[in-house]
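Q: Can you read through this structure? Questions will come right after.
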Amino acid sequence: MRRLSILFVLLTLAVVVGTTQAQEAELAKLVVAPEDFGLIEGGRLVDIEGTPTGKAVLIEKDSGFARIILKLGEDGDIPKGLYWVKVQLGTDDGALKWAMVQVYLNKNHGGWFTGFVRPAQAGTMAWREFAQPLVLNKGGELVLEVCSRGATNFYIAQVVLQRTTPYWPKEMMTDAEFFGALDRNYPGLENVIAAADARDYDTACTELVAHLRKPPAEQDARLWGVIAAAPPAKTDKQAPEMADLIMEDKMLLEWSMESGKSNSYCCQENNKIPPTVFSFADPYEWHKIYDYPGRRWYGWYITYNINNLTDAYNITGDEKYARKAMELIKRRIDVWGPFPKAFYYEGGYPNEYYTDGSAGVSGSAPSWNRCSGTRQGLIEALWGMLCATGGSEAITDRERIETLKLTVLMTRYVQNVRAYANGNQPKYAWLIRTRSWLPEFTEIVDMSENGIYALTAFLEFCHYPDGGYYELCYYRHGIFAQAARDAAAHGSDVTAYLDKLLPAFYFNMWLTKPMGNFPWINDAGGGKNVDYAEPSPPGYAGLGLKSYPDDPWLKYSYSFGKEGEPPQPTSKNFPWSGFMVMRSGWQPDDLYLVFDGGRSTGSHQHQDQMNVICAAYGSTLLGDNGYVGTGFRAPDRTHYISHPRGHNLVLVDQAKQTSNYPSGKYLAGWRAWGDEPIPNYWLSAAGYDYAETTYDRSYRKYEADGSSEILQLVKQQRRVLFLKPSTGTPYWILYDIVQPKDEQADDHELQLLFHFTPTSSAKIVESGTAARNTAEKAGLLVLPRSDKTWQASVVRGDARPDELYWQGFVSGGAHNPLVPNDCAIFEYNGTLPAGVATVLYPYPNDGENQASAKLIPASGNGAQLGTDQAFGLDVTVPGGTDIILAAAEPGTMAVFGDFSSDARMAVIRRDAAGKLTSILIIEGTILKSGDQVLIDTAGRTARYVECSKAEAVAAPGVSVNVDALHLTAVEWPEHK
């Protein structure tokens with residue numbers, strides 16, 4: 001540790017004596033060699049040539065994951081500020097597909113960046129130094145987490161922290177720096193380079209503008225167009241009203257370029273900027289925007305103002321609009337510099353640092369719309385203005401190049417700045433495309449080539465091993481797929497990327513409804529019409545086929561079985577993301593249920609563990625409520641859209657589930673939430689699917705004034721059983737158990753909720769003991785049964801904003817008014833524990849719609865058991881009768897009328913003639929009817945035993961004593 005300690009002393013002295021920034025940057029440096037690494041997991045220290053100390057940490061697995069912890073300084077602390085973090089990485093293994101490094105400060109995610117390493121040539125040791133800025137607010141531990149794929153020898157040699165100035169400049173690029181960034185060997189730039197070498201920069205400007213009036217040498221067209229050589233024709237057409245307001249030096253903050261009307265997103269109360277005009281003439285007016293809650297969106301309006309002036313110039317041909325657009329750009333540079341000043345964590349503005357709260361990054365304007373991410377497309381707006389006004393005599397070539405400098409600086413910013421998860425993929429997808437925009441700049445070509453490796457790293461970072469994105473919100477596949485095509489068109493090897501991306505397409509394929517539409521899960525979907533009028537080929541499968549044209553599963557899904565091969569298994573558990581999908585097949589009329597047992601990571605994910613949605617016979621019968629509501633931070637999203645109240649589960653005391661806080665061993669991406677699969681219970685047999693999830697975290701209870709407290713209320717468990725068509729009439733059973741915590745068994749309010757769709761209608765039936773919903777092509781009968789009394793009602797469109805209460809709505813689409821829909825509520829008020837078993841019987845509108853369910857009393861050891869401990873159901877459906885038995889804690893013999901078992905769940909199915917057609921036990925050893933033993937495993941607990949008329953299997957020790965049925969499947973816990 002001697003080297004590290006000496007450097008830390010120098011760093012400390014530099015701060016104490018008040019050195020200049022340049023001196024401080026020179027002294028404030030920590031070099032951490034492998035022998036100084038404090039903790040190494042997943043790798044080992046080895047001798048290796050080509051590193052400063054001759055040592056490195058070696059990761060030997062071909063799918064390696066290593067974690068290294070470093071102390072920062074002798075006392076574990078260094079001055080806050082901005083540092084370059086440089087990591088030396090290397091490999092001599094040509095099999096390396098890619099590698100990724102995450103760097104975090106402290107264990108509380110105080111700061112991080114994401115890097116990646118491209119493959120090396122076999123047999124040639126390639127050392128690469130990856131550097132990126134990191135804001136340090138305090139010292140502590142620096143954590144490196146490295147993933148590699150393909151290679152069996154990947155090395156980490158050295159880490160350097162260097163104090164630096166902000167990594168995007170406050171001043172514009174000099175002419176020498178700008179023209180020096182050009183590729184000197186690029187065809188057509190000879191005159192530009194010659195003029196720049198002679199320091200005749202005005203001529204160089206003119207020559208470069210002339211060059212940019214043509215497509216790039218290797219392309220038929222330039223991305224986003226070329227700089228025009230002639231002005232548009234003058235017309236008598238009227239310019240947009242907003243453009244004329246801008247001509248009066250007014251910047252409107254609530255106007256939308258597309259509609260010419262108030263921008264609905266920023267007019268939401270939580271984001272609202274008063275309907276005031278801010279003068280461009282006063283620099284403080286620009287900063288003043290920060291005084292309002294909607295400040296994070298002000299960047300949209302800078303872009304919109306430039307676009308409006310550009311449109312006005314194209315429409316009218318009037319040079320005043322071109323000139324005003326250039327004056328606006330120059331004014332922006334004068335006031336803000338290349339990048340705007342932003343908040344530092346300690347608050348206040350302006351200041352010397354540009355932190356992760358700056359424009360284009362998470363908290364301000366993330367690159368959500370597949371744009372550059374700087375000011376919601378400011379780079380594109382600047383280039384669009386340059387192209388449109390290229391023939392304008394009101395703008396000089398020198399001004400055009402100054403604008404181009406700004407676009408290059410912002411492109412560097414996009415490359416260097418860290419972004420939160422859902423802003424990263426469009427950022428790198430955008431960078432991949434920039435090679436078709438300005439290939440004359442060497443660094444832009446490098447950014448483009450690096451983009452596909454960065455996206456591969458992102459997939460590893462943010463996507464669970466089962467393909468699910470860790471926010472459990474799915475709408476970026478188009479960006480991923482297009483990025484692969486763009487990178488391949490540039491000659492990049494996208495094989496490893498496509499291998500990593502394929503599980504994400506499979507994930508969405510299974511979640512897609514039988515009719516071809518994608519469910520409104522978490523922040524996805526919205527509007528009045530949930531289903532297509534007619535089945536439509538699944539969009540995600542079709543999108544996947546563009547990248548995987550020969551994939552048999554995607555073909556089958558997209559063609560409704562006319563091509564390809566059926567995906568296997570039909571029903572599927574996603575153990576990392578927590579979704580459990582139960583399907584009867586892949587045709588539009590098949591049955592489908594998604595059971596959400598996932599972790600809640602917040603943001604675009606809803607607090608709705610235990611939620612179910614289902615579809616059958618061509619209609620959605622239980623739906624989710626969709627994306628956002630009237631605003632991402634609007635009260636209706638907090639207290640309804642993302643709240644358990646808006647989902648199909650048991651709501652406890654009107655309280656909200658809480659997000660999982662990072663509890664995993666690691667810090668990188670999904671691993672922060674847990675580096676093991678979720679301990680949900682899942683099994684899929686020939687005739688049945690069965691799943692369980694448990695919610696055992698805290699709840700947040702809100703008051704009408706918005707205040708809240710965290711409470712330890714209850715433990716909730718939901719079990720779902722799917723009786724498939726192969727065993728008889730298909731339907732589902734839900735079993736909900738609510739147990740008190742911390743002696744809180746006193747009165748609680750439980751609401752068993754079922755949300756239907758805006759175009760269906762629901763009513764309470766059977767004397768208040770059931771609900772029936774009728775959709776376009778099918779219906780759903782909901783039959784809850786319990787030893788306690790649950791009061792039934794249907795609510796539609798109940799909005800009480802003053803009480804922070806909404807019920808009976810779906811999202812109308814992001815930032816649109818909510819759309820009313822029916823919600824069936826079964827409410828219990830009383831002591832806990834409590835349990836309820838519910839039959840969900842779907843039927844086609846032209847089929848039999850009657851079913852019934854009677855509760856069978858349960859007992860154990862001679863004592864009556866409540867529904868929270870066990871239940872029996874006698875279910876009658878068209879085509880037969882079923883006995884369903886369940887115990888909250890299996891392993892003890894329980895009696896259910898004429899039947900007894902020690903199983904977790906058991907099913908006895910009979911046809912309309914009363915003949916047995918199927919029997920199932922889950923987690924049990926015995927099932928009896930009176931004194932007759934139906935199934936006996938000789939005391940060995942089976943994960944499940946299934947009996948039917950299908951082909952028999954042999955299982956020593958398992959006896960089946962049922963006429964016409966035989967053992968067709970058995971699974972033991974060790975075979976799980």
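Q: For the range 828-866 and the range 898-976, write down the distance between their C-alpha centroids in whole Å.
A: Taking the Cα centre of each part, the range 828-866 and the range 898-976 sit 22 Å apart.
Q: Right, another one. Could you give the accessible area per residue of the range 492-641, probe 1.4 Å, as a whole number in Å²?
A: 29
Q: Under a 1.4 angstrom probe, counting protein chains only, how are 741, 86, 513 ranked by accessible area, largest first? Before the final figure, lay out each step's value.
A: Values: 741 40, 86 70, 513 10 Å².
Order by accessible area, largest first: 86, 741, 513.
Q: Something else now. Find the accessible area per residue for the range 806-864; the probe is 1.4 Å, ligands and nucleic acids are left out, and the unit is Å².
A: Details: 2180 Å² over 59 residues.
Averaged over the residues of the range 806-864, the accessible area is 37 Å².
Q: Calculate the radius of gyration of the Cα atoms of the range 852-936 to one decimal place, then report Dmax, the largest Cα-Cα distance, as a whole number, both in Å.
A: Reported Rg and Dmax, both Å: 12.1, 35.
Q: To continue, here is another question. Sum up the charges of everything whose Cβ sits under 15 Å from the Cβ of residue 647, counting Lys and Arg as +1 and Asp and Glu as -1, but leave residue 647 out.
A: Around residue 647, the surrounding residues sum to -3.
Q: Within 10 Å of each candidate Cβ there may be at most 16 other Cβ atoms; applying that plus a DSSP loop requirement, which chymotrypsin sites (Phe, Trp or Tyr not before Pro) in the range 527-629 survive? Show your work: numbers first, answer last.
A: Working: sites: 532, 540, 553, 556, 558, 560, 576, 579, 586, 592, 595, 617, 627; in loops: 532, 560, 576, 586, 617, 627.
Here the chymotrypsin sites (Phe, Trp or Tyr not before Pro) that fit, given the DSSP loop and packing criteria, are 532.
Q: On to the next question. In the range 416-533, carbon and sulfur make up what percent of the accessible area (probe 1.4 Å)?
A: Numbers: 1420 of 2840 Å².
Carbon plus sulfur share of accessible area: 50 percent.
Q: Carbon and sulfur atoms: what percent of the 1.4 Å accessible area of the range 792-904 do they account for? Walk me through the numbers before you get to the answer.
A: On the way: 2020 of 4280 Å².
Ligands and nucleic acids excluded, carbon and sulfur reach 47 percent.
Q: Run a plain Debye calculation on the range 626-775 (Cα atoms as equal point scatterers, no solvent) and give log10 I(q)/I(0) at q = 0.08, 0.12, 0.13, 0.21 Å⁻¹, rounded to two decimals, same order as the q list.
A: Each listed q maps to, in turn, -0.32, -0.73, -0.86, -1.43.
Q: What does the C-alpha gyration tensor say about the overall shape of the range 791-870? Classify as rounded when a/c is under 1.5, otherwise prolate if a/b is larger than b/c, or oblate.
A: oblate
The values are calculated or read from the model by the stated rules, or taken from the named source; none is laboratory data. Given the structure is predicted, the values throughout are model-derived calculations rather than measurements. Cβ atoms come from the backbone with ideal geometry, glycine included; neighbour counts cover every protein chain shown. For accessibility, only protein heavy atoms count, side chains too; no ligands or nucleic acids. Shrake-Rupley method; radii C 1.70, N 1.55, O 1.52, S 1.80 Å.
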